[in-house]
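Here is the structure we will look at, set down as structure tokens.
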Amino acid sequence: MDISILENELKALPADQQDRVAGFLTSLRMKRDGLISEITDRLDNDDSENWEEWEKVKTTLANDN
């Protein structure tokens, strides 16, 4: 399939279906680039020294905006 045809088909989709495709493509990219395993490793790390307190994270996120 020609990419321009695919792009036009995607433009015609409703927003929720475009979001689904975007999520799917992001997941594919993350798997391809090895980011899924990095995220999984971080989430599965049970060493509390590697985790930030929720209040500190909220403050950091608020300051980033």
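From the list 5, 36, the lone residue that is modelled with pLDDT of 90 or more and of a type in the set (Val, Ile, Thr) is 5. What about residue 43, is it exposed (fewer than 10 other Cβ atoms within 10 Å of the Cβ), without any contact (Cβ under 8 Å) to a residue 12 or more places away in the chain and either outside any loop (DSSP other than H, G, I, E, B) or touching a helix residue (DSSP H, G or I) at 6+ places or on another chain (Cβ under 6 Å) (or both)? It is true that residue 43 is exposed (fewer than 10 other Cβ atoms within 10 Å of the Cβ), without any contact (Cβ under 8 Å) to a residue 12 or more places away in the chain and either outside any loop (DSSP other than H, G, I, E, B) or touching a helix residue (DSSP H, G or I) at 6+ places or on another chain (Cβ under 6 Å) (or both). In this structure, is residue 16 acidic (Asp, Glu) and open to solvent by less than 80 Å² (accessible area, probe 1.4 Å)? So residue 16 does not fit the description; no. Just the residues that are open to solvent by 80 Å² or more (accessible area, probe 1.4 Å), in a helix (DSSP H, G or I) and either touching a residue at least 24 places away in the same chain (Cβ under 8 Å) or aliphatic (A, V, I, L, M) (or both), please, taken from segment 1-11. Once the filter is applied, which keeps residues that are open to solvent by 80 Å² or more (accessible area, probe 1.4 Å), in a helix (DSSP H, G or I) and either touching a residue at least 24 places away in the same chain (Cβ under 8 Å) or aliphatic (A, V, I, L, M) (or both), segment 1-11 yields 3, 5.
The values are calculated or read from the model by the stated rules, or taken from the named source; none is laboratory data. Bear in mind the structure is a predicted one, so any value in this text is a computation, not a measurement. Here the Cβ is made from the backbone with ideal geometry for all residues, glycine too, and neighbour counts use every protein chain on show. Keep in mind that these areas ignore ligands, DNA and RNA; they rest on the heavy atoms of the full protein, side chains included. Shrake-Rupley method; radii C 1.70, N 1.55, O 1.52, S 1.80 Å.
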